[in-house]
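What follows is one structure encoded as C-alpha cells, with my remarks underneath.
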Amino acid sequence: MEQIVTEPPAQRRILRVLIAAQVLSGAGLAAGITVGALLAQDMLDTTGLAGLPAALFTVGSAAAAAGVGRLSDRAGRRAGLTWGYALGALGCAGVVIAAVIGNVPLLFTSFFVYGAGTATNLQARYAGADLADPARRGRAVSAVLVATTLGGVLGPNLVAPMGAVATAWGIPPLAGPFLLAGAAYAVAALVLGVLLRPDPLLLARELAVPAGPAASGAGAPEVSTSGVVLGASIMILTQLVMVAIMTMTPIHMAAHGHGLGAAGLVIAIHVAAMFLPSPITGRLVDRAGAVPVAVASGATLLVAGVLAAVAPGESLVVLTVALALLGLGWNLGLVSGTAIITDAVPLERRATTQGTVDVGIAISGTGAGLASGLVVAAAGFPALSLAGAAFALAIVPIVALTTRGRRPAQVPDGS
C-alpha cells in the first residue's frame, strides 16, 4: 500500500479549515437530534412515529454519504463536502416551511434532504486523515471530530431561544432550531468551498509513493477486506445503539414532565461526549491500536444502555450520565473504526469505499431511528435501552472473528 513520505505543511491549514467548518456544522447536526422527534410528534399527534424523522434523515444521510464519497473521489474533498453541506441547508429550509404550512409530506422530504448535512459532517473526518502521517492518523481524525463539539453543545442549548425567535417570526417554536441549522450548514459550505485549498485527497494522491506491486506496475494496491469489514462493523453497531437510545430520550423525558430546556441540556452533554473526548481517543488509537479501543466502545455502550434502562424517570442525573456514556462509546467506536478503514483502503479507492461504509452506518441509524419509536410505544424506554446494550455486546465477537489469524490493526506511535 502506498505511503506518504512526510506530512506536508498544508495539513495544518487543511485541519484549521475543516475545524472551522465543523464548529459551524455541529450546530446544524444537533438541531435534528434535539427537536426532530418532538416536531414530528407534534405534527402527527402520535409517539409511535416520532422516530420517523431520525429514520428519514439517516436515510438521506446514507444517500448523501455515497454521493459525497463518489464526488470526492472524482473531484476532491472540497467539492464533496461543499455540496453535502449545501444540501443540508436546503433541507433545513424545507423543514421550517413544512412546519409553517403544516405539510407533513414536505416535512418528511425535508428531513431526508437534511440528512446530507449529517453525512457530510461525518465524511469530513476522512479529509482530516488524507494527509496525516500513519502514526498520527487517529489524532488527525480526532481533531476534526472534536471541532463539532462547540456547535454540537451550543445548538441544543439554543433550542429555547431559537424557539422564541421563531415564534416572533410566526414560525412554530420547534422549527426554530432549523433556522440556526440552515444558516450554519450554509456558512460551512461557503468556508469549505472557498478555503479548503489545496484539496487534501488530491494532494495526498500527488504525494503518494507507490510501494510493493504498484511500484513495479504489477497491479494496484489491494483493499484489506477484513479491515473494511472490521471497521465498518464497529461503526455500524455503535451508530445503531447510539441513535436508538438518543432519538427517544427527549420523548422519554417529556413523558416524565421534563421541559424542552432540560432535554436540550441532556442532549448537549450527550453530543459533547460524542466529540469532546476525540483527542484522547485518537491518541489511544495511535498508541494502543484501534482494536482495543473498539472493544472499549462496546463495553461503554453496554453500561450506557443498562444505566438508561434503570434510570428513574424523574432523575436527570442518572439519565445524563447514561447519555454521556452513550456518546463516549460512540466516539470510541467511530475513531477506532475510521482508523481501521483508512488504513485498509488505498488512496485510489479511499473516498468511495469510505462513502460506502458510511452508507451502512447511516442505514443502521435509519433502522434504529424508525424502530425506536415503535419499541418505546410497545414496550417502553427501558426495553429499548436494554436492547441497545445487548447489541453493544456484539462488538466483542465481531472483533474476535475478524482479527483471528491476522495482526490487529495498529499503527505504532511516531511521536
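Is it the case, given these coordinates, that Ala127 is buried (at least 21 other Cβ atoms within 10 Å of the Cβ), in a helix (DSSP H, G or I) and at pLDDT 85 or above?
Spelling it out, Ala127 is indeed buried (at least 21 other Cβ atoms within 10 Å of the Cβ), in a helix (DSSP H, G or I) and at pLDDT 85 or above.
Could you list all residues from the stretch 100-113 that are surrounded by 24 or more Cβ atoms within 10 Å (Cβ to Cβ) and at pLDDT 90 or above?
Applying the first criterion (surrounded by 24 or more Cβ atoms within 10 Å (Cβ to Cβ)) to the stretch 100-113 yields 107, 110-111.
Result: Ser110, single match.
Residue-by-condition table, conditions (1) within 29 Å of Val194 (Cβ to Cβ); (2) among the aromatic types (Phe, Trp, Tyr); (3) at pLDDT 75 or above:
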position: Gly28; (1), (2), (3): yes, no, no
position: Val35; (1), (2), (3): no, no, yes
position: Leu52; (1), (2), (3): no, no, no
position: Arg70; (1), (2), (3): yes, no, yes
position: Trp83; (1), (2), (3): yes, yes, yes
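Return yes or no: is Val229 closer than 17 Å to Val345 by Cα, at pLDDT 75 or above and surrounded by fewer than 22 Cβ atoms within 10 Å (Cβ to Cβ)?
Values: closer than 17 Å to Val345 by Cα: yes; at pLDDT 75 or above: yes; surrounded by fewer than 22 Cβ atoms within 10 Å (Cβ to Cβ): yes.
Against the criterion (closer than 17 Å to Val345 by Cα, at pLDDT 75 or above and surrounded by fewer than 22 Cβ atoms within 10 Å (Cβ to Cβ)), Val229 qualifies.
May I ask you to list the residues in the stretch 348-362 that are surrounded by fewer than 20 Cβ atoms within 10 Å (Cβ to Cβ) and modelled with pLDDT under 85?
Across the stretch 348-362, the qualifying residues are Glu348, Arg349.
Report, by residue number, each residue of the stretch 367-381 that is surrounded by fewer than 23 Cβ atoms within 10 Å (Cβ to Cβ) and touching a Ser or Thr at 6+ places or on another chain (Cβ under 9 Å).
Listed by number, the residues that qualify are Gly367, Leu370, Ala377.
Would you be able to say whether some residue in the stretch 99-109 is touching a residue at least 60 places away in the same chain (Cβ under 8 Å) and under 21 Å from the mean Cα position of the chain (by Cα)?
Here is the first cut: in the stretch 99-109, the ones touching a residue at least 60 places away in the same chain (Cβ under 8 Å) are 99-100, 104, 107.
Filter once more, so that each one left must be under 21 Å from the mean Cα position of the chain (by Cα): none.
Scanning the stretch 99-109, I find no residue that is touching a residue at least 60 places away in the same chain (Cβ under 8 Å) and under 21 Å from the mean Cα position of the chain (by Cα), so the answer is no.
Those residues that are over 25 Å from the mean Cα position of the chain (by Cα) and either over 23 Å from Ser25 (Cβ atoms) or in a helix (DSSP H, G or I) (or both), I need them from the stretch 164-178; list them, please.
Step one: list which residues in the stretch 164-178 are over 25 Å from the mean Cα position of the chain (by Cα), which gives 164-173.
Once the filter is applied, which keeps residues that are over 25 Å from the mean Cα position of the chain (by Cα) and either over 23 Å from Ser25 (Cβ atoms) or in a helix (DSSP H, G or I) (or both), the stretch 164-178 yields Ala164, Val165, Ala166, Thr167, Ala168, Trp169, Gly170, Pro172, Pro173.
Could you grab the pairs with beta carbons closer than 9 Å, sequence gap of 6+ or different chains, first residue in the stretch 74-87 and over 9 Å from Ala116 (Cα atoms) and touching a residue at least 40 places away in the same chain (Cβ under 8 Å), second one charged (D, E, K, R) and in a helix (DSSP H, G or I)?
Gly80/Arg70; Gly80/Asp73; Gly80/Arg74
Do we find that Val376 is under 24 Å from Phe112 (Cα atoms), of a type outside the set (D, E, K, R) and touching a His at 6+ places or on another chain (Cβ under 9 Å) in this structure?
On the way: under 24 Å from Phe112 (Cα atoms): yes; of a type outside the set (D, E, K, R): yes; touching a His at 6+ places or on another chain (Cβ under 9 Å): yes.
It is true that Val376 is under 24 Å from Phe112 (Cα atoms), of a type outside the set (D, E, K, R) and touching a His at 6+ places or on another chain (Cβ under 9 Å).
Gln123: under 25 Å from Ala208 (Cβ atoms), touching a Leu at 6+ places or on another chain (Cβ under 9 Å) and among the polar types (S, T, N, Q), yes or no?
Numbers: under 25 Å from Ala208 (Cβ atoms): yes; touching a Leu at 6+ places or on another chain (Cβ under 9 Å): yes; among the polar types (S, T, N, Q): yes.
So Gln123 fits the description; yes.
Within the bounds of the stretch 203-216, is there any residue that is closer than 28 Å to Pro277 by Cα, modelled with pLDDT under 85 and not in a helix (DSSP H, G or I)? Talk me through it step by step, then tell me what you get.
Of all residues in the stretch 203-216, those closer than 28 Å to Pro277 by Cα come to 204.
With the extra rule that they be modelled with pLDDT under 85, the set shrinks to none.
Checking the stretch 203-216: not a single residue is closer than 28 Å to Pro277 by Cα, modelled with pLDDT under 85 and not in a helix (DSSP H, G or I).
Identify, by number, the condition in (1) under 24 Å from Leu52 (Cα atoms); (2) touching a residue at least 12 places away in the same chain (Cβ under 8 Å) that Gly333 doesn't meet.
(1)
The values are calculated or read from the model by the stated rules, or taken from the named source; none is laboratory data. Owing to the predicted nature of the structure, the values given are computational and were not obtained by experimental measurement. No Cβ is skipped: glycine too gets one built from the backbone with ideal geometry, and neighbour counts run over all protein chains shown.
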